[in-house]
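Novice: Sending over a structure as structure tokens; questions will come in a sec.
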Amino acid sequence: SEVVVTGGSTVGVEAVFWGRPSVLIGPSGYDELDVVHGAHDAASLEALLRRPLPGVKHEAALAYGYYRATFGEPFVVYQPTTFSLGTFAGQHLRPLAWRALASARLKFGAMVRERRDRFGGRLHS
């Protein structure tokens, strides 16, 4: 590609890594790093695409890639074991029991509807 246009995906900063100009039309984690050209409306996008775009800072793309790979600072108290599990201060974290939560929400909704019907639209007696 001569130019890469993204709405905020990491493909935009990856293009910079590979030496391609990148135009960003949406918010991203790298929009403040001065590595991409910003287009805030259709007119500015068209203007950017009609002219040759200057090169960008390859080093800033490397810094962003390193940050994404390491999440910036190393964890002190939390130690990940998988993408969604880990230990906090030595205690294993349990995954969210989403089925139990969904069941509780359904029961709560039924209770609210029953009370509303019983008291003529009011939720308390």
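The values are calculated or read from the model by the stated rules, or taken from the named source; none is laboratory data. Predicted model, so just to flag it, every value in this text is computed and none were measured. Cβ coordinates were reconstructed from backbone atoms using ideal geometry, including for glycine residues, and neighbour counts include every protein chain displayed. When the accessible area is computed, the model is the full protein with side chains, heavy atoms only, and any ligands, DNA or RNA have been set aside. Shrake-Rupley method; radii C 1.70, N 1.55, O 1.52, S 1.80 Å.
Novice: Identify, please: which residue in segment 32-49 is part of a loop (DSSP other than H, G, I, E, B) and open to solvent by less than 70 Å² (accessible area, probe 1.4 Å) and is, among those, modelled with the lowest pLDDT?
Specialist: VAL35
Condition check ((1) loosely packed, with under 10 Cβ neighbours inside 10 Å; (2) at pLDDT below 80; (3) assigned to a helix (DSSP H, G or I)) across all residues:
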| site | (1), (2), (3) |
| --- | --- |
| LEU53 | no, no, no |
| VAL56 | no, yes, no |
| ALA61 | no, no, yes |
| GLY65 | no, no, yes |
| ALA69 | yes, yes, yes |
| GLU73 | yes, yes, no |
| THR82 | yes, yes, no |
| ARG94 | yes, yes, no |
| ARG105 | no, yes, yes |
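Novice: Just the residues that are within 17 Å of TYR66 (Cβ to Cβ) and among the polar types (S, T, N, Q), please, taken from segment 1-38.
Specialist: Passing the criteria: THR10, SER28.
Novice: Pairs only if they're at least six apart or on different chains, beta carbon under 9 angstrom, first in segment 30-59 and touching a residue at least 40 places away in the same chain (Cβ under 8 Å), second in a helix (DSSP H, G or I); list them, first residue then second.
Specialist: Within 9 Å, the pairs are VAL56/VAL16; LYS57/VAL16; HIS58/VAL16; HIS58/PHE17.
Novice: Applying the selection to segment 1-17, what residues are in a loop (DSSP other than H, G, I, E, B) and either crowded, with 19+ Cβ neighbours inside 10 Å or at pLDDT 90 or above (or both)?
Specialist: Listed by number, the residues that qualify are VAL3, GLY7.
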